[in-house]
Amino acid sequence: MIEVRNLVKNYGDVKAVRDISFTVENGEILGFLGPNGAGKTTTLRVITSYLSPTSGNVFVDNLNVLDNSMEIRSLIGYLPEMNPLYHEMNVYEFMEFVANVRKIEKSKFKSRLNEVIELCGLKGVIHKSISELSKGYCQRVGLAQAIFHDPEILILDEPTIGLDPNQIAEIRKLIKNLGKEKTVIISSHVLQEIQATADRMVIINDGEIVANGTIEDLMSGFKGKTRLILELKNATEESVSKIKSVNSEISLADIKTQGDSIVASLEYPNSLDPRQNIFDYALENKWTILEMSRHKTSLEDVFRNLTIEGGADA
Amino acid sequence: MHSNVSVLYRKEVSSFFNSPVAYITLIVFLVINAWFFTSTFFLINESDLRTLFSVIPIFYLFFIPAITMGLIARERNSDTMELLTTIPISDSEIIIGKFLAALTLIGTALLFTLVHFFSLLIVGNNIDIGAIISGYLGLLIVGAAYAAVGTFSSTTTSNQIVAFLISFLVIFIFFILDKILIFVPGFLSSIFQYLSIDYHLSNISRGVIDSRNIIYLGSIIAFFLLLSIRTLEMRRWR
């Protein structure tokens, strides 16, 4: 189990991570989601001992990163965002270096190498120089580096960034497979990425956790609501805001004047369909309806809602 | 501990010898030394390597910053620092492995200058083998001290040129101290002389291997290596 406890990390005056706490259970795939610059990479860098926390601590089982850095490092396989590789080496030499650092016995190296080649699809490039590899293959080599010692914990920072859709699908499948027996933290600023791979997600924005739960949990707070966009002519903001009188369960989310028309967005429970009543109400008031459209809230809206609101008070 | 150092040492040495820069530096070092040595070799008519031993410390000024500038700076510049410091290798193991690799390259360069020793064996007589051995020993220890300075400079920046300039400057100060003695007041001159690396080198080269010289050079090496390790650790707390 990984436990991040009251973690704070400042770079000088910049507060990158502001007192966050969360846990990752054994065998779980945790999605770490947030817009760019939210503090994801910083948090992962503290877990992997690349950076030390300003305050707070990270515990892995009964070890903590301040006192037991070496033990924790050997439990973790880490693919950093920048995917650092030694470009002067070929893939085989790099794997040999990784194996030596990870204390893989000489006798087991060959068989493990073959497994990793198979897992990461490195068959054709094993004797190629890393500097000659495409971005997609570099990413696979990075992943091979992270999993070579068969770590209990796998930390992947934006593992599919810069890959084409086929490669993304392949890497996701690989992560899913690895996640069956390992604890995985995968970070991304792309929601679909996390939705496709993770069991649970932590959403971080501006250094703070804004949501933590399974996809269903996060949706439920917003689920059951429909948003209706209305564009009306011959109306005033004041008169339109009285539209709530049609049904007490309707709420007015937003209203603004656009040229000579009024754009209002209404929210009401999914169980309700007051469109006909609204139409009649508009007719009564002699409004001309230019547009009436219905939107179901998606996880995307949840994410935008959480991260944009949080960004606004910063 | 030992094994981590050796893994890193092997990686570093092989990346040295896989890069053209190392060969170019090595060749330039050897060619210039050979020219300075042989151009006067037959004129002075002396059966020793004294000219060689007095020229090499001057070339160290450029040669050692050149081979040490990339040790850490290159890892920082290419982001591989994040790999290196999240695998189970300690900061001191990183520094020692890399320092030893640089020392190996210096040793290799010195080894190649043995060609002058063999030509001396052929054409000269009454050769003082002891003086030559102590001369080489002195050069190796001083090379190690400069390499420690270079390793430290390389930890302070991600720019290899800056690392080169810092180590050049520091080495130059150590080098020049006993050459400006006539300009400094009397009470300072003995301190300046003691701090000068060249002063200790000339003692060792004369064949007088005094513990004071060894302790001095040993502390320079230890001081700069410790400083390198501290600098590397500080990066985590930035």
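Per-structure values
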quantity: Net dipole in debye of segment B:2-237 [+1 Lys, Arg Cβ; -1 Asp, Glu Cβ; about Cα centre; nearest 20]; calculated: 240
quantity: Positive-pole candidate from A:Val263, A:Asn62, A:Phe303, dipole of the protein assembly as shown, charges at beta carbon; calculated: A:Asn62
quantity: Relative contact order of chain A, pairs being alpha-carbon contacts under 8 Å that are 6 or more residues apart, as %; calculated: 20
quantity: Length-normalised contact order of chain B in % [C-alpha pairs under 8 Å, at least 6 apart]; calculated: 26
quantity: For the protein assembly as shown: rounded, prolate or oblate by the Cα gyration tensor [a/c cutoff 1.5]; calculated: prolate
quantity: Angle in degrees between helix B:129-155 and the longest Cα principal axis of chain B, rounded to the nearest 10; calculated: 30
quantity: Ranking of A:Val101, A:Val190, A:Val141 by count of other Cβ atoms within 10 Å, fewest first; calculated: A:Val190, A:Val101, A:Val141
quantity: Between segment A:9-28 and segment A:250-276, the alpha-carbon center distance in angstrom; calculated: 39
quantity: Least to most buried among A:Lys128, B:Lys98, B:Lys179, B:Lys11 (fewest other Cβ within 10 Å first); calculated: B:Lys179, A:Lys128, B:Lys11, B:Lys98
quantity: For segment A:2-220, with +1 on Lys and Arg beta carbons and -1 on Asp and Glu, the positive-most of A:Tyr86, A:Leu163, A:Tyr50 along the dipole; calculated: A:Tyr86
quantity: Number of partner chain Cβ atoms within 10 Å, mean per residue of A:63-73; calculated: 2
quantity: For A:Arg200, distant residues with modelled amide H under 5 Å away; calculated: A:Ile29, A:Gly31
quantity: Whichever aspartates and glutamates have a C-alpha closer than 14 Å to that of A:Lys233, once near sequence neighbours (fewer than 8 apart) are set aside; calculated: A:Asp260, A:Glu284, A:Glu291
quantity: Helix-derived mean residue ellipticity, 222 nm - over chain B, DSSP H n ≥ 4, -39500 (n - 2.57), to 500; calculated: -27500 deg cm²/dmol
quantity: Residue-averaged 222 nm ellipticity for chain A, from DSSP H runs of 4+ at -39500 (n - 2.57), nearest 500; calculated: -10500 deg cm²/dmol
quantity: Two-site FRET efficiency, A:Asn270 against B:Asn77, from Cβ-Cβ distance with R₀ of 60 Å, rounded to 0.05; calculated: 0.65
quantity: Inter-part distance where segment B:173-228 and segment B:100-167 are each reduced to a Cα centre, Å; calculated: 17
quantity: Net lengthening on full extension, A:Lys233/A:Lys108 (0.36 nm per residue, minus Cα-Cα); calculated: 37.4 nm
quantity: Inter-site label distance for A:Lys180 and B:Phe62 at 7 Å from Cα along Cβ, in nm; calculated: 6.2
quantity: Among B:Val13, B:Val149, B:Val123: highest mean-square fluctuation, GNM of chain B, C-alpha pairs under 10 Å; calculated: B:Val123
quantity: Rounded if a/c under 1.5, otherwise prolate or oblate - segment A:225-296, Cα gyration tensor axes; calculated: prolate
quantity: Test item: Cα-centred dipole of the protein assembly as shown, Lys/Arg +1 and Asp/Glu -1 on Cβ, debye; calculated: 940
quantity: Candidates A:Asp273, A:Asp150, A:Asp199, ranked by Gaussian network fluctuation over chain A, Cα under 10 Å, top entry; calculated: A:Asp273
quantity: Over segment A:93-205, relative contact order from alpha-carbon pairs under 8 Å, at least 6 apart, %; calculated: 24
quantity: Most positive-pole-ward Cα, A:Ser131, B:Leu84, B:Gly143, against dipole of the protein assembly as shown from beta carbon charges; calculated: B:Gly143
quantity: Antiparallel %, DSSP beta bridges [both residues in the protein assembly as shown], to 5; calculated: 70
quantity: Choice from A:Pro159, A:Pro274, A:Pro80 with maximal GNM fluctuation in chain A (Cα, 10 Å cutoff); calculated: A:Pro274
quantity: Cα-based Lys pair tally, segment A:2-220, threshold under 17 Å, eight or more apart or on separate chains; calculated: 5
quantity: Only Lys, Arg (+1) and Asp, Glu (-1) charged, at Cβ; chain A dipole about Cα centre in debye; calculated: 640
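All of the numbers you see were taken from the coordinates with simple rules; none came from a lab. Because the structure is a prediction, the values reported are computed rather than measured. Heads up, the Cβs are rebuilt from the backbone with ideal geometry, glycines too, and the neighbour counts pull from every protein chain shown.
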